[in-house]
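Data first, discussion second: the structure below is written as structure tokens.
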Amino acid sequence: MAIFHLSVKTVSRSTGRSAVAAAAYRTGDTLTNERDGRQHDYANRTGVDDSFIIAPSGCEWAHNRSALWNAAEQTEKRSNSVTAREYVLALPAELDAKDRADLARSFASAVVERYGVAADVALHAPSAGGDDRNYHAHILTTTREVEPDGLGKKTRILDAAKTGGPEIESLRELWAMQCNEALERHQKPARIDHRSYERQGVDEMPTMHLGPTSTTMERKHKTEQERKGEPYKPQTFKAQENERRRTLNDHVREMVRELAATVREVAEQAKNAKKSAVHALLRAVGGQRREEEAEQARRAAEAHRREEERREALRQQSLREARERAVQEAKGRMADITKKAQRLAPDAREKFLAGEYPSDPLDRALKAHRHPLGTTGLDAEEKAVKAHLKVYQEQGKRQQAERQQAPARGRGRGRGGPSRSRSRDYDSGPSYDSGPDFF
């Protein structure tokens, strides 16, 4: 069945990336970055079904991929500039190649018209050994408006904290609408929804996105198990958690089916009971029969209630377990970050913390997406880590000052008086071996 996926990423120099390299890799092209002279040759790359550029009317120069992305690199002067923005879309496997290309072109055209940018679209086929339904598109856009004679002003609406989130939500809704219209036009029954299960009112636990690292590990593990002739079992935490959630969802769906069958049976029994009661009244015999049927209906209702209570208990237990695992993972992560930061020099420590807790809204949103506890967890973690590091630094300064003063205090002033420095205990400084606890 069709799935919904639309993610927005940035290509930033602060992470060592360039728009020229990103465009070459995604389109399977060979491009030279005129800014640093590096050539990026991906002409032999497989899996790229098609690629094309969409630009505003009158901007024919932007259809030259090398000219477009070298302009994007040369226009930005800062060392941490964002030189491109990328949209990753899951294309419905129910459509054929031409229809998928038309769908990606339609969304890219809407983005170009909305922001006045140029879009470089690459259509990718499923990778070997992966899910054969994983058709997807990478749409790389400029971060500046494209004009007939070059690049213009920055498009800030996606960067601002107040407008970025609503704008991305609007794009997600647009993509879901375009996909559903295409599926309906080609008479395909599948439909997608950009909203979460919770917002849809669906009582089902969503699975976790594996990401490239976990996906590669799972493919390698699956191949190894098949070679040994052993049944495949998930190896990574995310894959195991997804398997557990799928099992729980299947169990919940089975309970819903059983409950629906019970309701139908009760309704049928009630209907039959009504008919029997009428006949019994007409025959002047039916009092006892009506009591028996009423008792059966009561028992069925009680069974219905118990099933609902058990289903809710299972759901709550699952949520608690997931929360506990996420909290433990977040504690371990914060302990590692604190230890790493303590071992760094002040300048390196600031740079390290800036990388872990970026101020850019999109970069921070991506960090929060990968954090076990989301945005709230990332904010709390940053506050706690910085507070612990501040205590650590203050204790270090106080210990250093006390060591410098220790010889002076150690000289005895009275006759034969003992040196006070020999009986003084010094604090060895803070220790976070067990990791700070802020959840």
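The values are calculated or read from the model by the stated rules, or taken from the named source; none is laboratory data. Because the structure is predicted, anything quoted here is derived from the model rather than measured. For neighbour counting, all protein chains shown are included, and Cβ atoms are generated from backbone atoms with ideal geometry for every residue, glycine included. Only protein heavy atoms, including side chains, enter the accessible area calculation; ligands, DNA and RNA are left aside. Shrake-Rupley method; radii C 1.70, N 1.55, O 1.52, S 1.80 Å.
A Cβ distance below 6 Å, combined with a sequence gap of six or more or placement on separate chains, defines the contacts here; from region 178-199, residues that are under 16 Å from H5 (Cα atoms) reach residues that are modelled with pLDDT of 85 or more and open to solvent by 70 Å² or more (accessible area, probe 1.4 Å) in the pairs H194/E173.
Residues are listed down the side, and each one gets a yes or a no for (1) without any contact (Cβ under 8 Å) to a residue 40 or more places away in the chain; (2) under 19 Å from T10 (Cα atoms); (3) surrounded by fewer than 22 Cβ atoms within 10 Å (Cβ to Cβ):
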residue	(1), (2), (3)
S106	no, no, yes
R114	yes, yes, yes
A118	no, yes, no
D131	yes, no, yes
H136	no, yes, yes
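Give the residue that is most open to solvent (accessible area, probe 1.4 Å), with candidates limited to residues of region 161-192 that are under 24 Å from L95 (Cβ atoms) and basic (K, R). Only one residue fits best here, namely R185.
Just one of the numbered conditions (1) touching a residue at least 60 places away in the same chain (Cβ under 8 Å); (2) over 22 Å from H136 (Cα atoms); (3) open to solvent by 50 Å² or more (accessible area, probe 1.4 Å) is not true of A71: (3).
With respect to the conditions (1) over 27 Å from I192 (Cα atoms); (2) open to solvent by less than 30 Å² (accessible area, probe 1.4 Å); (3) touching a Ser or Thr at 6+ places or on another chain (Cβ under 6 Å), N80 lacks only one, and its number is (2). Against the test of being open to solvent by less than 20 Å² (accessible area, probe 1.4 Å), farther than 30 Å from K222 by Cα and touching an Asp or Glu at 6+ places or on another chain (Cβ under 8 Å), the options L158, L123, L151 yield a single qualifying residue, L158.
Quick check on A345: is it modelled with pLDDT under 90, of a type in the set (A, V, I, L, M), under 41 Å from the mean Cα position of the chain (by Cα) and over 30 Å from K9 (Cα atoms)? Walk me through it before giving the result.
Values: modelled with pLDDT under 90: yes; of a type in the set (A, V, I, L, M): yes; under 41 Å from the mean Cα position of the chain (by Cα): yes; over 30 Å from K9 (Cα atoms): yes.
Here the answer is yes, as A345 does meet what is asked.
Residues in region 17-58 that are out of contact with any Leu (no Cβ under 6 Å at 6 or more places or on another chain), part of a strand (DSSP E or B) and in contact (Cβ under 8 Å) with a residue 60 or more places away in the chain: V48, S51, F52, I53, I54.
Residue by residue, here is whether (1) buried (at least 18 other Cβ atoms within 10 Å of the Cβ); (2) at pLDDT 90 or above holds:
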{"site": "E350", "(1), (2)": "no, no"}
{"site": "P372", "(1), (2)": "yes, no"}
{"site": "L378", "(1), (2)": "yes, no"}
{"site": "K383", "(1), (2)": "no, yes"}
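Of everything in region 352-370, what is open to solvent by less than 80 Å² (accessible area, probe 1.4 Å) and either among the charged types (D, E, K, R) or at positive phi (or both)? Give them in sequence order. Selection gives E356, D360, D363, R364, K367. Number of residues in region 296-326 that are among the hydrophobic types (A, V, I, L, M, F, W, C) and surrounded by fewer than 16 Cβ atoms within 10 Å (Cβ to Cβ) equals 6.
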